[in-house]
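Notes to accompany the following structure.
The values are calculated or read from the model by the stated rules, or taken from the named source; none is laboratory data. The shown structure was predicted, so the numbers you read here are calculated from the model rather than taken from an experiment. Don't worry about glycine lacking a Cβ; one is built from the backbone with ideal geometry, like all the others, and counts go over all protein chains shown.
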Amino acid sequence: MAAKVGILNLEIMVSDLTNFREWPSTWPDTISHRMATVEFGIHTGQQDTTLDELRKLWRYCDGAGFKLITVWDHFHESPPRHGNGVCYESLALLSALALDTSRSRIGCLCFGMPYRNPAILAKALTTIDHLSHGRLTVGLGAAWHVPEHETYGIPFGSAKERLDRLSEGVRMVRMLFMEDRANFEGTYYQLRNAPNFPKPVQARVPIIVGGAGERRTLAIAARWADGSNQGYISPEAYQHKNDVLDQWCERFDRDPRSLERSIIVHFRMSSDGAAIGGHQAEGVITGSVQEVTDKIGAYVEASAQRISIVTRPPVDWEALGLFVAEVMPTFQ
């Protein structure tokens, strides 16, 4: 395991991390403790596929015990290739996902803050929470996909600017969810006596900040969010990120147990249990049922409360069924 970083000794250069004692006095009971077991989610990338196939996958997962079904927020294929691949838009898809499912929570991991005004995003997400009857989880991030910004004329900005936007946007979305009239004066975004009616179905819509940057992203998660999501890293690296999150929570006088921890990992399990060639990198689960179970267990030991497997088309339905039947019950 990597050694803990001395977070309290890092220089903080941005104003959004000051006045940290302005913290909510209570947090939802649903995230008030570390789970003894782990929840499973599935992260579906909507490229190189059809809507019929996506909807078939969602309906299957909704009935198979996955607690969270998510899409991504990309306008081009990811990772970038030739730029001509099919890729559906996330907000429209979330509306369909809300109507196609009835058990699983739904969400996007994660909305890139530069892509939309966060007030307009909050309004759309409120509508989706109603469509899902209160099953929405919101993922927010700073965005990273340069070609999408370039082709659509969206300013990419420096890392600092994008993280400043994320910090402001997380607060704005929360305010619009919770307050009758929201007022906010940021560098990039403003609210002036802004309404958002109706309010979401949920008393508190969970907001997850995605990203692994230890000096800003994890601090924003610990300061403003209900959860932190990491992607495609080893159990050892994931434990290190959780150690850093714990230190940020202590810095902000927050109970670390109130911050939900989740991770997404590539799903490369085959139906015959063999490792799929070329996918032995960290952050990938592959191999036999026992090997996959052991890898999942390592993430659980590293503080994962929810693990979402990442599927890409074409879906290996046999492998997915094997995971549902033989891996998931071990942890539930």
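Brief remarks follow.
- All positions within the stretch 91-121 that are buried (at least 20 other Cβ atoms within 10 Å of the Cβ) and among the β-branched types (Val, Ile, Thr): 101, 106
- Evaluation of residue 45 against (1) surrounded by 17 or more Cβ atoms within 10 Å (Cβ to Cβ); (2) touching a residue at least 40 places away in the same chain (Cβ under 8 Å); (3) within 24 Å of residue 126 (Cα to Cα); (4) in contact with a helix residue (DSSP H, G or I) (Cβ under 9 Å, 6 or more places away or on another chain) (one fails), failing number: (4)
- When the stretch 78-87 is filtered for residues that are under 16 Å from residue 54 (Cα atoms) and surrounded by fewer than 18 Cβ atoms within 10 Å (Cβ to Cβ), the ones remaining, listed by number, are 85, 86.
- Residue satisfying condition, being at pLDDT below 95 and closer than 23 Å to residue 327 by Cβ, within set 13, 1, 35: 35
- Only one of 293, 311 that is closer than 28 Å to residue 54 by Cα, touching a strand residue (DSSP E or B) at 6+ places or on another chain (Cβ under 8 Å) and among the polar types (S, T, N, Q): 311
- Number of the exception - residue 61 against (1) crowded, with 20+ Cβ neighbours inside 10 Å; (2) in a loop (DSSP other than H, G, I, E, B): (2)
- Residues (in a loop (DSSP other than H, G, I, E, B) and at positive phi) located in the stretch 161-220: 211
- Selection within the stretch 221-239 - touching a helix residue (DSSP H, G or I) at 6+ places or on another chain (Cβ under 8 Å), part of a loop (DSSP other than H, G, I, E, B) and not acidic (Asp, Glu): 225, 233
- Selection count, the stretch 122-145, where residues are over 12 Å from residue 166 (Cβ atoms) and either outside any helix (DSSP H, G or I) or in contact (Cβ under 8 Å) with a residue 40 or more places away in the chain (or both): 14
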